[in-house]
Amino acid sequence: MSVLKKDDRRALVVFLAPAVFIFVLIYVYPTIRTFIMSFHDMPSLTGSVSTWTFVGLDKYLALMESQMFVQSLLNIFKIWIYGGLFTLLMAMLLAVIVTSGVKFKGFFKSVLYLPNVIAAVALGTMWLQYIYNARFGFLHNLFTALGLESLASIQWTSMEHIFGAMVFAYSFGMIGYFMLMYAAGIDDIPEDFFEAASLEGAGKIRQFFFISLPTLKPVIKSSIILWSVRVVGFFVWSQVFSPLTPEMQTVTPMIYMYQVVFGSDVNASYSDPGLGAAIGVILTLLVIIAYGAVNLLFRDKD
């Protein structure tokens, strides 16, 4: 093992110092400060530390007693499970199709990725106005043309169906993002593997399960982690589907935290930065737990 010379170590420190300083300033310090804030009662978000009052675990106990916060955790868990299965499986299927030698592969990739370059507010509004609309929406017209009146009469934005409609719209738009990740992973697999498997009589399905899928394990691991981070930060789509006040069917922890800190509490008329900080700590722990679980499930092996 080579040992860095003194001049090399000095140069390493000089070049790394700005990046480390910015990382500590932007990520580490706010995380530590938020953790400390979650144990205090604060008159305002920008108030000095001298105005804080230590309350221990009161903020966390209040969150566990809040029906809306508990429901928000349940909502993101359902988004993570149902939306994740639909998004990642469809992304994998489309990645296999576009890398199978079809013509205009670049065009199909661009079309599938297109929803990711459109602002979420515009995309959500499009789904509400032109797809889910009960009078002239795409689904209403499609089911009417097929003679499926029972489906055509469904109010997709009613409290009974709005959560599923929101998750489907969001997941549908995310398919192209993860499809590109899987397609890039498949393109990196040596063609010799598939040629050798074909000579041995393996069909496309066996090649996928015994070559593509095991080789894509690091990509699958990364996609699950990225999906988990996006779900924990789920905000805009919930706001678009319930723009006035948070609804039990669409509320997420980020919406609840925004209402608590910057708006008015959903149950009172005051803001509580300490309670918002506690929500932030819980969301951070959820990401860490998801990251640890994925690493445990997809252990690196030679």
Just need the relative contact order of the range 5-98 here, percent rounded to a whole number, with Cα pairs under 8 Å and 6+ apart. 14 percent
Lys pairs under 30 Å by Cα in the chain, provided they are eight or more residues apart or on distinct chains: 18
For every helix of n ≥ 4 consecutive DSSP H residues, a contribution of -39,500 (n - 2.57) applies; sum these over the chain, divide by its total residues, and give [θ] at 222 nm rounded to the nearest 500 deg cm²/dmol. -19000 deg cm²/dmol
Here are a few candidate values for Cα extents along the principal axes in Å: (1) 61, 59, 38; (2) 75, 74, 29; (3) 72, 39, 38. Which one was actually calculated from the structure I just gave you? (2)
Once you have a ≥ b ≥ c as the square roots of the Cα gyration tensor eigenvalues for the range 6-162, tell me rounded if a/c is under 1.5, and otherwise prolate or oblate according to whether a/b is larger than b/c. oblate
Once you keep just the Cα pairs under 8 angstrom separated by 6 or more residues, what percentage relative contact order results for the chain? 27 percent
Within the accessible area of the chain, what % is carbon and sulfur when the probe is 1.4 Å and the other protein chains stay in place? 69 percent
Place +1 on the Cβ of every Lys and Arg and -1 on the Cβ of every Asp and Glu in the chain, take the dipole about the Cα centre, and give the residue among 102, 193, 254 whose Cα lies farthest towards its positive end. 193
Can you tell me the dipole magnitude for the range 181-302 around its Cα centre, using point charges on the Cβ only (Lys, Arg +1; Asp, Glu -1), in Debye to the nearest 20? 260 debye
Mean Kyte hydropathy of -0.5 or more with a Cα span along the axis of at least 30 Å, helices from DSSP in the chain: 162-187, 273-297
Within the chain: Cβ-based charge dipole about Cα centre, in debye rounded to nearest 20 (Lys, Arg +1; Asp, Glu -1): 560 debye
Taking only protein heavy atoms and a 1.4 Å probe, what accessible area per residue, in Å², does the chain have with all protein chains in place? 61 Å²
Which residue, 147, 176, 280, tops the fluctuation ranking in a GNM of the chain built on C-alpha contacts under 10 Å? 147
Which residue, 67, 239, 249, has the most motion in a Gaussian network model of the chain that connects Cα atoms within less than 10 Å? 67
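The values are calculated or read from the model by the stated rules, or taken from the named source; none is laboratory data. Every value quoted in this text rests on a predicted model; they were computed, and no experiment measured them. Note: ideal-geometry Cβ built from the backbone for every residue, glycine included; neighbour counts use all protein chains shown. These accessible areas exclude ligands, DNA and RNA; they are computed on the full protein's heavy atoms, side chains included. Shrake-Rupley method; radii C 1.70, N 1.55, O 1.52, S 1.80 Å.
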